[in-house]
Amino acid sequence: HYEEAYGEARLKCPHVALKQHRKPGFFWWLVLAMAMMRFYIQKGTHKGLYRSIARTLKFFQTFALLEVGHCALGIVRTSVIVTGVQVCSRIFMVWFVTNSIRQIQNEESVILFLVVWTMTEITRYSYYTFNLLHHLPYFIKWARYNLFIVLYPLGVAGELLTIYAALPFVRRSGMYSMRLPNKYNVSFDYYYCLIVFMLSYIPLFPQLFFHMLRQRRRVLHGEVIVEKDD
Amino acid sequence: MKYLRTSLHEAHCIFKCKVEPNATIGEIKSMFHKSHPQWYPARQSIRLDPKGKSLKDEDVLQHLPVGTTATFYFRDLGAQISWVTVFLTEYTGPLVLYLMFYFRVSFIYAPKYDFTTSKHWVVHLACMCHSFHFMKRLLETLFVHRFSHGTMPLRNIFKNCTYYWGFAAWMAYYVNHPLYTPPIYGEQQIRLALIIFLFCQIGNFSIHIALRNLRPPGSKTRKIPYPTKNPFTWIFLLVSCPNYTYELGAWFGFTLMTQCLPVAFFTLVGFIQMTVWAKGKHRSYLKEFRDYPPLRSPILPFIL
């Protein structure tokens, strides 16, 4: 769900640098999609699917940081913050939820958001790559600006359901938490941190979704996108 | 003389008036306010060029590059609130909140601890220091500081109060907690921390007095601050904004005294913000004064 922030970043990045970075990204997500499909076809179940793709996913999801960082050099601060927040939330999901809490790795909601992320990223990267080559087929443009209407809410649902499923395990194990008394005189409860993280979707999701809707109206009606920095 | 006023976003004339050549921008703002009561002078930004800098209230018409007829551009700065109001509100919060935690008012900690006092004397000391700090800030706001700008945008009060009140509650919760752990090195650590804290409080106050004395009452002139007879101001030789340096030192002392991670975090965030401010101030000093002492750093001698 950092599409529109990426859109902003793209407008400001020099084309040459973009080409170099877009192609690997596209490649990674295609690899992931194929690995997921192959697993499902071979095993007939989604159980264990996460484990099989976990390393690849962690690797290039973290790689996305570099990609964003590259674009961030020379961009107005607000874009960096928006993009940064969104990449961070994905990394949080991958490293601090699905990676750390093994019991939820076979949940259907995990497959849901993985599928959604894969489809979104493949569409997005194809869009950028074809755009750069100045040979953009209409269906890719259509896909990029229409699929999100379904994919974005589904992805959010997948993420939220996963965190919700993880809550009891976090509570029971007390992971990443610190209690009093201790010499730093601080306490941290990962359980409540996750709840706050879930609640943060309430203000953030509508804003991003409606931004994408506005983008869609402009692009599909042939208007020029003018990114306004607030 | 005739004046046209146009809004930045709509190209229509909204105000025409006749004024003397020696009228000031401030007087024009008052006249504008009379015909447009919703835009009080503090929220008016008047400029000669839509993208230019805002004109000052003291600027006199005949000294501006205008002819017999002048066109000014008006911009609404949004609802404004006075600096004094903001400071008083944002500093009273931490003072009151910390005391509520110190006295362990109901619903904060477990009921069996309500209205009890901590058995560690450092907790009492910390309460005195924290309260002293914010009382000092309140008194300085009322009697010492001379503000260049009368007002700031209204939304700042919500932002600032969230920051100060939020952090105060977070820090106070842990320092006054029944399960609080006193500093590892005990009395030595607390004594050293107290010395640093008091030294920096006096230093910070000295700088505020020195800065106040730079500016005669009611004026908005800007001058380079120099060391005075007070030894605490000798730091001006090395630093542009020693008030921030001393403030950082005071909070560092408080962190050492309480050995509390939220306090350390507050100190760090404050340090980052004050460094940004100090660098900005340093840059504007350099821009404004040709003969600005080259040895000075913005906030930390030789480092930052």
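Which trypsin sites (Lys or Arg not before Pro) from segment B:249-304 combine a DSSP loop assignment with at most 15 other Cβ atoms within 10 Å? Counting only loop positions with at most 15 other Cβ atoms within 10 Å, the trypsin sites (Lys or Arg not before Pro) in segment B:249-304 are B:290.
Evaluated at q = 0.12, 0.14 Å⁻¹, a Debye calculation over the C-alpha positions of segment B:176-262 (equal weights, vacuum) places log10 I(q)/I(0) at -0.47, -0.59. Of all DSSP-defined beta bridges confined to the protein assembly as shown, some 65% are antiparallel rather than parallel. Normalised by the number of residues in segment B:116-244, the mean separation of alpha-carbon contacts (under 8 Å, six or more apart) gives a relative contact order of 25 percent. Per residue, the average separation of C-alpha pairs within less than 8 Å and at least 6 apart gives segment B:60-196 a relative contact order of 38 percent.
Quarter the surface of the alpha carbon convex hull of segment A:141-230 and you get the mean projected area, 8.7 square nanometres.
In loop segments of segment B:210-304 as defined by DSSP, the chymotrypsin sites (Phe, Trp or Tyr not before Pro) with at most 15 further C-beta atoms inside 10 Å of their C-beta are B:289, B:302. As a length-normalised measure over Cα pairs under 8 Å and 6 or more apart, the relative contact order of chain B settles at 14 percent.
Report in % the part of the accessible area of chain B that belongs to carbon and sulfur, leaving out ligands and nucleic acids; probe 1.4 Å. Using a 1.4 Å probe with all protein chains present, chain B comes out at 66 percent carbon and sulfur. In units of the compact-protein estimate 2.2 N^0.38 Å, segment B:1-156 shows a Cα radius of gyration of 1.63. Kirkwood analysis of segment B:32-110, using all unique Cα-Cα pairs, places the hydrodynamic radius at 16.7 Å.
Chains A and B together bury roughly 800 Å² of accessible area, counting both sides, with a 1.4 Å probe on protein heavy atoms only. How many nm separate the modelled label positions at residue B:156 and residue A:175, each set 7 Å beyond the Cα in the direction of the Cβ? My value for the distance between the label points is 4.5 nm. Legend: calculated FRET efficiency, residue B:147 to residue A:216, from the Cβ-Cβ distance at R0 = 30 Å, rounded to 0.05, equals 0.05.
Each principal axis of the Cα cloud of chain B was taken in turn, and the coordinate range along them, longest first, works out to 76, 48, 28 Å. Among B:124, B:282, B:63, the largest mean-square fluctuation in a Gaussian network model of chain B, built with springs joining Cα atoms closer than 10 Å, belongs to B:63.
Working note: Cα atoms of the protein assembly as shown, range along each principal axis, descending, whole Å: 84, 73, 45. Simple spin-label estimate for residue B:82 and residue B:114 gives 4.0 nm between the two label positions (7 Å along the Cα-to-Cβ direction from each Cα).
Largest to smallest in accessible area, the residues A:197, A:210 fall in the order A:210, A:197 (1.4 Å probe, all protein chains included). Here segment A:72-216 is treated as a sphere whose radius is the Kirkwood value from Cα pairs; by Stokes-Einstein at 20 °C and 1.002 mPa s it diffuses with a coefficient of 123 µm²/s.
In chain B, the calculated helix contribution to ellipticity at 222 nm averages -17000 deg cm²/dmol per residue, counting -39,500 (n - 2.57) for every DSSP H run with n ≥ 4. The slack between residue B:19 and residue B:289, meaning 0.36 nm per residue of separation minus the straight C-alpha distance, is 93.7 nm.
Hydrodynamic radius of segment B:205-255 by the Kirkwood approach over all distinct alpha-carbon pairs: 11.8 Å. This model, with +1 at the C-beta of Lys and Arg and -1 at the C-beta of Asp and Glu, gives segment B:193-304 a dipole about its Cα centre of some 540 debye.
Put +1 on the Cβ of each Lys and Arg and -1 on the Cβ of each Asp and Glu in segment B:107-190; which of B:118, B:158, B:180 then has its Cα farthest toward the positive end of the dipole? Positive-most Cα among the choices belongs to B:158. Shown here for segment A:150-219: trypsin sites (Lys or Arg not before Pro) in loop regions (DSSP other than H, G, I, E, B) with at most 16 other Cβ atoms within 10 Å, namely A:179, A:183. Just the protein heavy atoms count here, and of the accessible area of segment A:78-196 at 1.4 Å, carbon and sulfur take up 69 percent.
The values are calculated or read from the model by the stated rules, or taken from the named source; none is laboratory data. Quick caveat, the model's predicted, so the values are computed rather than measured. Cβ: placed from backbone, ideal geometry, glycine included. Neighbour counts: every protein chain shown. Just so you know, the surface numbers come from the protein's heavy atoms only, side chains and all, with ligands and any DNA or RNA stripped out. Shrake-Rupley method; radii C 1.70, N 1.55, O 1.52, S 1.80 Å.
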